[in-house]
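K.L.:
Pasting a structure below so you can have a look.
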Amino acid sequence: MTWNGIIYALIFMLLGVLLGGLLPPLLKYFAGYDLNIEKAARRLKLMTTRPTPPMSPTLQVGNLTVANWLILDGFSSQGIRIHTSVKPIEITLPSHLLLLRTEVEREIDECRKEGKRAPYNGKKYALTNLRFTRSDDATELNTCWMDLQYSDYFNFLTVTGSLDRQIPQENLSVRQKYFQHVDPFTISNGFLFNSFGVNVAVVTTDQKLVLVKRGKDVYRPDIFNSSVNEGLSRDLDLESNRTVSIHNVGVRGLWEEIGIEETDIEDYKLTSVGFDKQEYQYGALGYARLNITFDDLRARLPISKDASLEIGSFQISTETGETETRYCVYGIPNSPRDFAAFLESERVTITCSGLVCYLLSFLCNGFSLHDLEKSFREPHWHDNSFIV
């Protein structure tokens, strides 16, 4: 480069520095335009319009990770359609599990003889296969196809209810023998999954989210779960044409557990199907919006069929000095922030299915995934020990 070229290059560099330093204040002074303000505005726009992060099978919101619940078919606010096919033959347990079932039945008989509460061997279904598709119309509705076979509650207690119990004549627990390498999308042994649950998050017309703590004498006692949690019944959950209705399970649970009639329901949907990796149970999650207030709901509890059993209770002293029993049913403002605050202030222990059910219900009630993330960004949400 010649000396003239070097001189010209230096001149252009100096002009660039001068223009870079003088142009923004001159534009701001004469035209009211601030380049720094524009740059900040562009950054803010990018931050506020970034696309919603995708939901993975393991739900993550902020610092909270719900590792034990897998969303098998992505959440859909328009609902999920569930089709069932039933093989009307009783499922058969392997011989060593039949020995374990005999032990379970003997223990139940002993409880009954001692006058203690003993479970009834209700008719259930075993889930033997499931697959996911989309409807072949413009809605492309999430669709789950389930194959079922006859089972009963004692099979459930023998397998899922005895995960960490040793199998007779073997040096292994049920969990160790059958659930070490489970693929939730492929059911290899039909006798393993003798229940299908429906979890429903309930919101009242005065925008109260209904939180419920389970009773002390039920399966997985003294912990919080979804507002309503009901299992599929072979006797009770049939359509008029005798086909199985997964949809009906939640509606029945609303009535039996918290006294809500169908006329009280403004909107009800099942929105996803998932799998509990710790308890090895399949279930559907959904929400129900009611046309009654939380106080109205609370007044219904004494007439509900199962509240005294399914829901926990505590006693308080009234102003007159009498003792009054209250159900562990709480109505909090329906927002992710208030939900997170309740979990922390009450030191809640909650099922993973119940937690995800509540979180997804917010997405059906006008909140975004970013709203959930903001509510669970505090450092203590790195500790997920409160999820069971």
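The values are calculated or read from the model by the stated rules, or taken from the named source; none is laboratory data. These numbers were taken from a predicted model, which means no experiment stands behind them. Ideal geometry is used to build each Cβ from the backbone, glycine not excepted, and the neighbour counts take in all protein chains shown.
K.L.:
Kindly list the number of the only condition in (1) more than 16 Å from Tyr327 (Cβ to Cβ); (2) in a helix (DSSP H, G or I) that fails for Asn171.
P.N.:
Failing condition for Asn171: (2).
K.L.:
Kindly indicate whether any position in segment 155-171 is among the polar types (S, T, N, Q) and closer than 28 Å to Phe75 by Cβ.
P.N.:
yes
K.L.:
Still on this model: Considering only residues that are in contact with a Leu (Cβ under 6 Å, 6 or more places away or on another chain) and either outside any helix (DSSP H, G or I) or at pLDDT 95 or above (or both), which ones fall in segment 363-386?
P.N.:
Scanning segment 363-386 gives a single hit, Phe376.
K.L.:
Then there's this: Just wondering, is there one or more residues in segment 278-285 that are surrounded by 14 or more Cβ atoms within 10 Å (Cβ to Cβ) and in a helix (DSSP H, G or I)?
P.N.:
No, segment 278-285 has no match at all.
K.L.:
Can you tell me which residue within segment 259-274, out of those that are touching a Gly at 6+ places or on another chain (Cβ under 8 Å) and more than 14 Å from Val210 (Cβ to Cβ), is surrounded by the fewest Cβ atoms within 10 Å (Cβ to Cβ)?
P.N.:
The extreme case among them is Lys269.
K.L.:
For segment 315-332, state whether one or more residues are under 22 Å from the mean Cα position of the chain (by Cα) and in a helix (DSSP H, G or I).
P.N.:
The answer is no, given that none of the residues of segment 315-332 is under 22 Å from the mean Cα position of the chain (by Cα) and in a helix (DSSP H, G or I).
K.L.:
Being without any contact (Cβ under 8 Å) to a residue 24 or more places away in the chain and among the basic types (Lys, Arg) is true for just one of Arg234, Arg252, Arg165. Which residue is that?
P.N.:
Unique residue meeting the criteria: Arg252.
K.L.:
Go through segment 350-380 and report how many residues are more than 19 Å from Leu70 (Cα to Cα) and surrounded by fewer than 20 Cβ atoms within 10 Å (Cβ to Cβ).
P.N.:
Qualifying residue count, segment 350-380: 11.
K.L.:
Consider only pairs whose beta carbons are under 6 Å apart and that are at least six residues apart or on different chains; among these, list those whose first residue lies in segment 353-370 and is in contact (Cβ under 8 Å) with a residue 40 or more places away in the chain and whose second residue is part of a loop (DSSP other than H, G, I, E, B) and surrounded by fewer than 24 Cβ atoms within 10 Å (Cβ to Cβ).
P.N.:
Listed pairs, sorted by first residue: Leu360/Phe75; Cys364/Ser77; Leu369/Thr52.
K.L.:
Condition first: closer than 15 Å to Arg252 by Cβ and assigned to a strand (DSSP E or B). Now tell me which residues in segment 286-314 satisfy that.
P.N.:
The answer is Gly286, Ala288.
K.L.:
Related question: What strands (runs of 3 or more DSSP E) completely inside segment 48-164 contain at least 2 residues that are outside the structural domain of Gly197 (by TED's automatic domain parsing) and more than 23 Å from the chain's Cα centre (by Cα)?
P.N.:
The strands (runs of 3 or more DSSP E) meeting that bar are 142-152.
K.L.:
Just to be sure I understand, how many residues within segment 209-220 are surrounded by fewer than 21 Cβ atoms within 10 Å (Cβ to Cβ) and either in contact (Cβ under 8 Å) with a residue 60 or more places away in the chain or in contact with a His (Cβ under 7 Å, 6 or more places away or on another chain) (or both)?
P.N.:
5
K.L.:
Something else now. Given the residues Leu99, Leu141, which is the only one that is on the phi < 0 side of the Ramachandran plot and at pLDDT 90 or above?
P.N.:
Result of the check over Leu99, Leu141: Leu99.
K.L.:
If you don't mind, there's one more thing I want to ask. Got at least one residue in segment 313-325 being in contact (Cβ under 8 Å) with a residue 12 or more places away in the chain, surrounded by fewer than 18 Cβ atoms within 10 Å (Cβ to Cβ) and among the aromatic types (Phe, Trp, Tyr)?
P.N.:
Yes, because at least one residue in segment 313-325 is in contact (Cβ under 8 Å) with a residue 12 or more places away in the chain, surrounded by fewer than 18 Cβ atoms within 10 Å (Cβ to Cβ) and among the aromatic types (Phe, Trp, Tyr).
K.L.:
Determine whether Ala299 is without any contact (Cβ under 8 Å) to a residue 12 or more places away in the chain, over 29 Å from His380 (Cβ atoms) and out of contact with any Ser or Thr (no Cβ under 7 Å at 6 or more places or on another chain).
P.N.:
Taking the combined requirement at face value, the residue satisfies it.
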